[in-house]
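Accompanying notes for the structure given below.
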Amino acid sequence: MSWSGKLVLAACGLAASIACAPNHASRNEVSAPGLKKQLFGRTAAGESVDLYTLANSHGMEVGVMTYGATVTSLKVPDAKGNIADVVLGFDTLEGYLGAHPYLGVVVGRYGNRIAKGRFSLGGVEYRLAVNNGANALHGGLKGFDKQVWRAKEAGPSLELTYVSKDGEEGYPGTLTATVTYTVTERNELRIEYSAVTDKDTVLNLTNHSYFNLGGQGEGDILSHIVTINADRFTPVDSGLIPTGELRSVQGTAFDFRKPTAIGERIDAAEEQIKLGRGYDHNYVLNGAGGGLALAVTVTEPKSGRVMLVSTTEPGVQFYTANFLDGTLKGKGGKVYQRRYGFCTETQHFPDSPNRPDFPSAALKAGARHQSATVFKFPAAPGS
């Protein structure tokens, strides 16, 4: 599952914009140009958690904290230049330490589901921590989303590293994972993933941000217009595990090859829609494996805000926050109701370790995994 292409990160050159940025609390530290740091809080074990802010000269600003390598905020302009925070999250570390549906985190060692929490690799069966019915989800009981990552400032980028020990949550091999966040002058949030292991293992890293391009907490996302560059998707069973079929989207509620409102068919009388309570399915991206390619385009009609998602990964999980229920109070006291956000989790397919016909999620000892995803927010459609 390695990526042979090379993603070149644009330098930000943001000294002038940061000089004009609003003052934060005195505990803030000005680091590299376009990069600021502050203490966000401490875990129950007393570990310090830092919050970094990356910015460019156009008003785009991204908050990333070391707990879970989490995107805590993403402020971007709309078609008229108005800035809004477009990801769901919490104002304090305490919100993230409590129970929540993976808001903004990096999930791993294996994002998405592995059937019955087990797989075989090299003739050895491995049993994982089970945390989603009979299945393993997003790395287990204490996945990468619940770890404090080590931060390193790398010019305009933030590099976060976590070492997962052999046997953690049942996965083989000591794995060193690195996630690098960069904000560019093209209004892009670039996320690069890299990992090495000392024993053959499986790996599927992704970011689990919930987006609402109208602004976090500002209503549902049903009017968002979505295009997904995929002719097929992977149907699931009642446990949301892929059946193994790669089904055509033609004539189904899953056809987003042309711009379509999320709400147009989200409650269609189709078995797969009923199983997911809406969209919670992996799409098989067209032309995957050929380097960084456009996968998803989303437009919010009222603001005109646009998000373009490009990735090197073969799939994307499109999820419409079907299980939010109004019990979570997010940033600014906003209450997150059902379908108040959507996720575009770029990934290898769910349950790939048990599906040899799916793109392989195996990582060999000594080999390096590399992948990348770019979220671009053009100031106006087509720019």
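Laboratory data are not the source of any read-out in this text; all were calculated from the coordinates shown. Since the structure is predicted, the reported quantities are computational estimates derived from the model, not experimental observations. FYI the Cβ positions are ideal-geometry reconstructions off the backbone, even for glycines, and counts take in every protein chain you see.
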Self-check item: Pairs of lysine residues in segment 53-210 - Cα separation under 27 Å, sequence separation of 8 or more or cross-chain
Solution: 14
Quiz item: On full extension of the chain, what length is gained from L275 through E94, given 0.36 nm per residue of separation minus the C-alpha to C-alpha distance?
Solution: 61.9 nm
Quiz prompt | Neighbour-count ranking [beta-carbon atoms within 10 angstrom, fewest first] of T53, T43, T312 | solution = T43, T53, T312
Quiz item: If you rank V196, V306 by fewest surrounding Cβ atoms within 10 Å, what's the result?
Solution: V196, V306
Practice problem: Would you please state which residues of segment 92-120 a label at R127 would reach in this model, taking the label point 7 Å out along Cα→Cβ and a backbone N cut-off of under 14 Å? | Solution: 116-120
Quiz item: When the helices in the chain are scored as -39500 (n - 2.57) per DSSP H run of 4 or longer and the sum is shared across all residues, what 222 nm value do you end up with, to the nearest 500 deg cm²/dmol?
Solution: -1000 deg cm²/dmol
Quiz item: If R0 is 41 Å, what FRET efficiency do you get for K152 and D325 from their C-beta distance, rounded to 0.05?
Solution: 0.60
Practice problem: Based on other C-beta atoms within 10 Å, arrange S194, S248 from fewest to most. | Solution: S248, S194
Exercise. Please list, in chain and number order, the residues 5+ apart from Q147 or on another chain whose amide H is under 5 Å from its amide H, with Hs placed from the backbone.
Key: G68
Practice problem: State, to one decimal in nm, how far the label point of D237 lies from the label point of R368, with both points 7 Å from Cα in the Cβ direction. | Solution: 3.9 nm
Quiz prompt | Relative contact order %, the chain, counting alpha carbon pairs below 8 Å whose residues are six or more apart | solution = 19 percent
